[in-house]
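Chemist: Pasting a structure here, questions to come.
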Amino acid sequence: MDSQNMIFDLDQSNEQKIKTEYDRLILDNQNGYSLVSIKLKNFITFSHMLADDKGEDLIQVAYNRLCTCLSDDEYIVRIHSYYFNLLIKCEANLDDLHRRAHEFHFAVKNFFEENYGRPLYLEMGYCPLNHPDVDFYTARYYAEISRMASEYTFPETNYDMYYISYQDQKEDFLKLENLVPEALANGDFKLYLQPKVNLATGQVDSAEALVRWIDPKRGMIPLTSFLPNIEENGFIREMDLYLFDKACSYMERWLKEYGRKFSISFNLSKAYFNGTFFMDEFTSVFKKYNISPDSVRIELLESIVLNDIEHLLPLVTNIYEFGFSCALDDFGSGFSSFDILTSVKLSELKIDRSLFKDITNDKERSLICHIVDIAHDMDMEVVAEGIETEDYANYLKEIGCDFIQGFYYYKPMPVDEFEKLFITNTQQGR
Ligand code: C2E
Ligand code: MG
Ligand code: MG
């Protein structure tokens, strides 16, 4: 495999690279490839057993070992921490899958055994590319589900590989979905907050609430493996309310104990969208706490909003009447219509990260700059989402964008970490 493919950093443009390849293969109707999800299975215990904190170095070594198994037209990216995606030549038959899985397994396990005195194991899941209607994110979701199923199916083994056919997927979704009520009761759904940095002051006084499912046995379960399903079956309402309750209790504590007023945005799922009962549920939770309603902002997804504009107006009116406010989420993600901006009251426009692809592109900069101006003209605050580089941060400051929510400043973090960083420790900003 050439050095060009051996890119290793957390830059999400890597994800774009593998996605582009995936799209090309699907378009060319090329069967015989698979998308693979790999986790370094015993990574945490492995790295803890070494004296120094060499976590990042070990991940780099594992990555290099995986690269040795790839040819020039195969790809690998690190998705986050010790998770990787690979696009490899591999037919949808068990012989081929096992052959490649063995190759990866031995390249990593043996090397670590010889050089570090103990083996590092892999957990793998495959999604063969033989369905033209399956897009990249869905294929990745399938590969992740397969990987997790392998952990579930062979928890005691050291080498896991699992392959589920496209047709089998539904069953596994259901399994995961069935675990949701118990997970909720056990407190396995955690409130994470991603800070929004105020570009004028450099301070953080608001954040977005994001859920994370942390299973005690299986670790963090990817959002994509359960969110769409619990949205569909409506269970997301319970989970969102639970998260809302938690966030309100923190906001009250920060105000009472530290005199700090923070505002938090919440995603409104489409499960709420066909009734105003959403407000009854949210306000009855909200009223338990002594905080001001202007601390709560509701994020409306552009995709759901546009599909159902007739439901939107009374809903938004109710939200504002109570004293909450609204943001339009993911603006520019593919469903954009300016109609929504003129017909609905909104306090904030969140520009989707898909619009921040190439800062050197004049047209892109011009588009962003004009979106910011239009939003300001309409009395909306502007949040740029998914900002990962300094160049973008500087540019957005320059054109007067109000907030940045992106990995360049902060990733989503557990609420307790947020509290330590911004409430109990007064040093902040960048
Ligand atoms: P969203 O509301 O647009 O949330 C922002 C997403 O962008 C988050 O993904 C966040 O982690 C990600 N992000 C922020 N900055 C960066 C960056 O610099 N680079 C990259 N690559 N990503 C960045 P996350 O947490 O995976 O959530 C995905 C979506 O799932 C959210 O999109 C939201 O629509 C939905 N969601 C998340 N948590 C909840 C929840 O508790 N309830 C509901 N109803 N939906 C949720
Ligand atoms: Mg959002
Ligand atoms: Mg968004």
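Chemist: How do the pairs read when you match residues in segment 180-206 that are in contact (Cβ under 8 Å) with a residue 12 or more places away in the chain and buried (at least 16 other Cβ atoms within 10 Å of the Cβ) with residues anywhere that are among the small types (G, A, S) and part of a helix (DSSP H, G or I), using Cβ under 9 Å and keeping only pairs 6 or more apart or on different chains?
Modeler: Close Cβ pairs (under 9 Å, with a partner that is among the small types (G, A, S) and part of a helix (DSSP H, G or I)) amount to F189/A183; L191/A247; L193/A247; V197/A393; L199/A393; S206/S295.
Chemist: In this structure, does L355 turn out to be buried (at least 17 other Cβ atoms within 10 Å of the Cβ), within 30 Å of D280 (Cβ to Cβ), within 16 Å of ligand 1 (Cβ to nearest atom) and without any contact (Cβ under 8 Å) to a residue 40 or more places away in the chain?
Modeler: no
Chemist: Output the strands (runs of 3 or more DSSP E) that fall wholly within segment 289-405 and possess 2 or more residues being farther than 22 Å from F278 by Cβ and not hydroxyl-bearing (S, T, Y), or say none.
Modeler: Correct list: 381-385, 403-405.
Chemist: Might you check whether a residue that is modelled with pLDDT of 80 or more, within 15 Å of ligand 2 (Cβ to nearest atom) and surrounded by fewer than 15 Cβ atoms within 10 Å (Cβ to Cβ) occurs anywhere in segment 210-223?
Modeler: Yes, because at least one residue in segment 210-223 is modelled with pLDDT of 80 or more, within 15 Å of ligand 2 (Cβ to nearest atom) and surrounded by fewer than 15 Cβ atoms within 10 Å (Cβ to Cβ).
Chemist: Residue check: is S47 under 30 Å from F407 (Cα atoms), modelled with pLDDT under 85 and surrounded by fewer than 19 Cβ atoms within 10 Å (Cβ to Cβ)? Spell out how you get there, then give the answer.
Modeler: Working: under 30 Å from F407 (Cα atoms): yes; modelled with pLDDT under 85: yes; surrounded by fewer than 19 Cβ atoms within 10 Å (Cβ to Cβ): no.
Here the answer is no, as S47 does not meet what is asked.
Chemist: Considering each residue of segment 214-225, count those that are within 12 Å of the chain's Cα centre (by Cα) and in contact (Cβ under 8 Å) with a residue 40 or more places away in the chain, and give that number. Steps first, answer last, please.
Modeler: Initially, segment 214-225 is screened for residues within 12 Å of the chain's Cα centre (by Cα), giving 220-225.
Those still in the list that are in contact (Cβ under 8 Å) with a residue 40 or more places away in the chain too: 221-222, 224-225.
Qualifying residue count, segment 214-225: 4.
Chemist: When the residues of segment 384-414 are narrowed to those that are of a type in the set (S, T, N, Q) and surrounded by fewer than 20 Cβ atoms within 10 Å (Cβ to Cβ), which ends up farthest from ligand 1 (Cβ to nearest atom)?
Modeler: Taking the candidates together, the pick is N394.
Chemist: Follow-up. Residues in segment 245-252: is at least one within 16 Å of ligand 3 (Cβ to nearest atom), acidic (D, E) and either over 25 Å from G386 (Cα atoms) or not in a loop (DSSP other than H, G, I, E, B) (or both)?
Modeler: The answer is no; no qualifying residue exists.
Chemist: While we're here: Answer yes or no: is there a residue in segment 349-357 that is over 15 Å from R297 (Cα atoms) and among the aromatic types (F, W, Y). Explain how you work it out, then say what you get.
Modeler: Taking segment 349-357 as the starting set, the residues that turn out to be over 15 Å from R297 (Cα atoms) are 351-357.
Retained after the next criterion (residues that are among the aromatic types (F, W, Y)): 356.
Yes: segment 349-357 contains one or more residues that are over 15 Å from R297 (Cα atoms) and among the aromatic types (F, W, Y).
Chemist: Does A143 satisfy the condition of being closer than 30 Å to L27 by Cβ, out of contact with any helix residue (DSSP H, G or I) (no Cβ under 9 Å at 6 or more places or on another chain), among the small types (G, A, S) and at pLDDT 75 or above?
Modeler: yes
Chemist: Which of the numbered conditions does S292 fail, given that it passes all the others? Conditions: (1) modelled with pLDDT of 95 or more; (2) of a type in the set (S, T, N, Q); (3) within 14 Å of ligand 1 (Cβ to nearest atom).
Modeler: Single failed check for S292: (3).
Chemist: Now for a separate question. For segment 79-109, which residues satisfy the criterion of being assigned to a helix (DSSP H, G or I) and more than 21 Å from P119 (Cα to Cα)?
Modeler: Correct list: L94, D95, D96, L97.
The values are calculated or read from the model by the stated rules, or taken from the named source; none is laboratory data. Since the model is a prediction, treat every value here as computed from it, not as a measurement. Positions of Cβ are generated from backbone atoms using ideal geometry, with glycine treated the same way; all protein chains shown enter the neighbour counts.
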